[in-house]
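Visitor: Please find one structure pasted underneath; my questions will follow.
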Number of protein chains: 2
Amino acid sequence: MTRLAIIGPGLLGGSIALAARRAGGFHVAVWARRAEAVAELEKRAIAEIASTDLATVVRDADLVILAVPVGAMGALARQIAAVVPSGAIITDVGSVKAAVVEELSAIFQQRARFVGSHPMAGSEQTGLEAARAGLFDGAACIVTPDSHSDAAAVAAVHHFWETLGCRVLELSPAAHDEIVALVSHFPHLLAAALVNLIGEKHAEAFEFAGPGFRDTTRVASGPPEMWTEILRSNHSAVRAAVEAMIEKLREIVTLLDHDASMNTFLTQAKTQRDQLRLPKSSHA
Amino acid sequence: MTRLAIIGPGLLGGSIALAARRAGGFHVAVWARRAEAVAELEKRAIAEIASTDLATVVRDADLVILAVPVGAMGALARQIAAVVPSGAIITDVGSVKAAVVEELSAIFQQRARFVGSHPMAGSEQTGLEAARAGLFDGAACIVTPDSHSDAAAVAAVHHFWETLGCRVLELSPAAHDEIVALVSHFPHLLAAALVNLIGEKHAEAFEFAGPGFRDTTRVASGPPEMWTEILRSNHSAVRAAVEAMIEKLREIVTLLDHDASMNTFLTQAKTQRDQLRLPKSSHA
């Protein structure tokens, strides 16, 4: 029996509790900031323990999972570090890793063993009401050990996410941040930029948007505050992607004058896009 | 009874024939370059007349529709102009308009009345086998009169597309090209640029792509030769959009340092994206 402490009862925290229950072999405690959330956890019988008191939730934990926004992690981690059992394993679900791993590793280094995680699931829904046991089935989860990580803790966190249904990959925190900047954070910013550019240049054009434009810009409807925080936390990798795109668009200005080169450019994109192994459903 | 001549038996030409038949009141003749296509048209009983001979198809036409790639229109138009009845109305289905309208208006001005059209339907499928009577139901069709257009011909072309099921809007050829550059041609190029940028910088990142990336880049799988031709034909409007995006990305580099401004930027994009009236299905 693994004693699991989940910090935060949102979509991810709630789904982790439900997936752990489905898998079996876990005693689940969940911390929530608000009493209403505790009542909801109790009503849905999602956890053995639900409480607004951190010590109650973490004092016997084998594995603690920080499932709160990146900006809230530091303060909670310091409180947890004061009460968590010596040798416990800690992970998180933040979508940026270099800054988080550096901060939390330092906070926990005296007592516990921290390893960062990023389960890539559920970014568009929010809240406990959307939580479900199957959220992680087939989703990628990136575990981000660094040179100081405890090997047994890395193995345990890796195994934990597999138990919940994830396909687990390991990357350094910096490689993680560069990769998610390219496939998630920067594409979000690019979609927002496209919408704003058209809104400024020729808002009437929106009347003529079709299914291609709908898909290209879908992510621009994501929650601005969450994305502002993500973009700040992954600032340098996102900035590098923006600057790389400025260069790429300068190349395109010259390609526009050369049919043969443009055809090669578009063929290269099509070939790579066609080879992507991507989830089938339109929303996840 | 309107005598309709459709030049080209692809997805659009075939669907126009089927939609006209469904609407009733048309005698339909279709020209195809290849004898195999004529045989297929006859087998599916799509038209009263199917032939590889242009004169046979257009000699009695009231309304001629050029449904061939933009690059093939000029040569066919010159042959049609030699045999079409005096006063016939001509339109096309090309996805760029300023260059097409200029070329075809000049070719037909002695005998017939040309008005450009762009039915915004079916860009991802190709060929007669994909043709269907319902292709235009609810699709936008932009009719592009210029200052020389015959008013009765504009009204007739407008009414024709409505009869086929389209929602018809009128724009000048230049306004059309600027608008489709913004909502279709440039977004296509941007999706291709994003895929190629990642392929060059960090191809491993594709392994971590999720549903957001899938939708953002879907159009990059479109046919490169067709898109090369579209981008060439709408060169100046696309180039203006590329240069506007370079400026927008430069602004973003500075926004990345200012949370409050970034939140405003993303909120602006979300508000506009949420207000779009967009088709629901994922492919069209």
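The values are calculated or read from the model by the stated rules, or taken from the named source; none is laboratory data. On a predicted model such as this, the values are computed, not experimentally measured, just so you know. Cβ placement follows ideal geometry from the backbone for every residue including glycine, while neighbour counts extend to all protein chains displayed. Heavy atoms of the whole protein, side chains included, go into the accessibility calculation; ligands, DNA and RNA do not. Shrake-Rupley method; radii C 1.70, N 1.55, O 1.52, S 1.80 Å.
Visitor: Is it the case that segment B:119-128 has a residue that's within 20 Å of B:Leu12 (Cβ to Cβ), among the charged types (D, E, K, R) and open to solvent by less than 20 Å² (accessible area, probe 1.4 Å)?
Guide: Looking for residues that are within 20 Å of B:Leu12 (Cβ to Cβ), among the charged types (D, E, K, R) and open to solvent by less than 20 Å² (accessible area, probe 1.4 Å), one finds none in segment B:119-128, hence no.
Visitor: I'm told A:Ala72 meets every condition in (1) under 20 Å from A:Ile16 (Cα atoms); (2) surrounded by fewer than 19 Cβ atoms within 10 Å (Cβ to Cβ); (3) at pLDDT 95 or above except one. Can you identify the failing condition by its number?
Guide: (3)
Visitor: Applying the selection to segment B:13-69, what residues are in a helix (DSSP H, G or I) and among the β-branched types (Val, Ile, Thr)?
Guide: Selection gives B:Ile16, B:Val38, B:Thr56, B:Val57, B:Val58.
Visitor: So which pairs qualify, if the first residue must be in segment B:232-259 and small (Gly, Ala, Ser), the second must be assigned to a helix (DSSP H, G or I) and open to solvent by 80 Å² or more (accessible area, probe 1.4 Å), the Cβ gap must be under 9 Å, and the two must be at least 6 apart or on different chains?
Guide: Final answer for the pair search is B:Ala240/A:Lys201; B:Ala241/A:Lys201; B:Ala244/A:Glu200; B:Ala244/A:Lys201.
Visitor: Failed condition for A:Phe186, given (1) more than 7 Å from every other protein chain (Cβ to nearest Cβ); (2) open to solvent by 10 Å² or more (accessible area, probe 1.4 Å), with all others met?
Guide: Evaluating A:Phe186 over (1) more than 7 Å from every other protein chain (Cβ to nearest Cβ); (2) open to solvent by 10 Å² or more (accessible area, probe 1.4 Å) leaves (2) as the failure.
Visitor: To continue, here is another question. Scanning segment A:231-246 for residues that are within 16 Å of the chain's Cα centre (by Cα) and more than 7 Å from chain B (Cβ to nearest Cβ), which turns out farthest from B:Ala260 (Cα to Cα)?
Guide: Among those that are within 16 Å of the chain's Cα centre (by Cα) and more than 7 Å from chain B (Cβ to nearest Cβ), it is A:Ala237.
Visitor: Quick check: anything in segment B:249-258 at the interface with another protein chain (Cβ under 7 Å from one of its Cβ atoms), under 26 Å from the mean Cα position of the chain (by Cα), open to solvent by less than 50 Å² (accessible area, probe 1.4 Å) and not acidic (Asp, Glu)?
Guide: no
Visitor: From A:Ala121, A:Ala192, A:Ala131, grab the single residue that is within 26 Å of B:Asp215 (Cα to Cα), touching a Leu at 6+ places or on another chain (Cβ under 8 Å), within 12 Å of chain B (Cβ to nearest Cβ) and in contact (Cβ under 8 Å) with a residue 60 or more places away in the chain.
Guide: The conditions single out A:Ala121.
Visitor: Identify the residue in segment A:165-178 that is touching a helix residue (DSSP H, G or I) at 6+ places or on another chain (Cβ under 8 Å) and buried (at least 24 other Cβ atoms within 10 Å of the Cβ) and, among all such residues, is nearest to the other protein chains (Cβ to nearest Cβ).
Guide: Applying the filter and picking the extreme gives A:His176.
Visitor: Same structure, new question: Exactly one condition in (1) open to solvent by less than 20 Å² (accessible area, probe 1.4 Å); (2) in contact with a His (Cβ under 9 Å, 6 or more places away or on another chain) is not met by B:Trp227; state its number.
Guide: (1)
Visitor: Next up: Residues B:Ile107, B:Ile142: which one is touching a residue at least 12 places away in the same chain (Cβ under 8 Å), of a type in the set (A, V, I, L, M, F, W, C) and closer than 16 Å to B:Ser233 by Cβ?
Guide: On inspection, the qualifying residue turns out to be B:Ile142.
Visitor: Please specify each residue of segment B:205-230 satisfying the condition of being more than 7 Å from chain A (Cβ to nearest Cβ) and without any contact (Cβ under 8 Å) to a residue 40 or more places away in the chain.
Guide: B:Glu207
Visitor: Okay, moving on. Given the options B:Arg132, B:Arg113, name the one that is farther than 22 Å from B:Ala174 by Cβ and open to solvent by 30 Å² or more (accessible area, probe 1.4 Å).
Guide: B:Arg132
Visitor: Any idea which of A:Ala55, A:Ala61 is open to solvent by less than 40 Å² (accessible area, probe 1.4 Å) and touching a strand residue (DSSP E or B) at 6+ places or on another chain (Cβ under 6 Å)?
Guide: Result of the check over A:Ala55, A:Ala61: A:Ala61.
Visitor: Still on this structure: Looking at B:Ile49, B:Ile80, B:Ile89 in this structure, which one is open to solvent by less than 10 Å² (accessible area, probe 1.4 Å) and either farther than 20 Å from B:Ala153 by Cβ or modelled with pLDDT of 95 or more (or both)?
Guide: The unique qualifying residue is B:Ile80.
Visitor: Filter segment B:147-162 for residues that are closer than 18 Å to B:Arg113 by Cβ and either in contact with a Phe, Trp or Tyr (Cβ under 9 Å, 6 or more places away or on another chain) or open to solvent by 50 Å² or more (accessible area, probe 1.4 Å) (or both) and give the result.
Guide: B:Ser147, B:His148, B:Ser149, B:Asp150, B:Ala151, B:Ala152, B:Ala153, B:Ala155, B:His159, B:Trp161
Visitor: Could I ask something else about it? Would you call B:Leu266 under 29 Å from A:Met120 (Cα atoms), more than 7 Å from chain A (Cβ to nearest Cβ) and buried (at least 18 other Cβ atoms within 10 Å of the Cβ)?
Guide: no
Visitor: For segment B:1-10, which positions are open to solvent by 10 Å² or more (accessible area, probe 1.4 Å) and either of a type in the set (Lys, Arg) or within 15 Å of the chain's Cα centre (by Cα) (or both)?
Guide: Applying the first criterion (open to solvent by 10 Å² or more (accessible area, probe 1.4 Å)) to segment B:1-10 yields B:1-3, B:9-10.
Matches in segment B:1-10: B:Arg3, B:Gly10.
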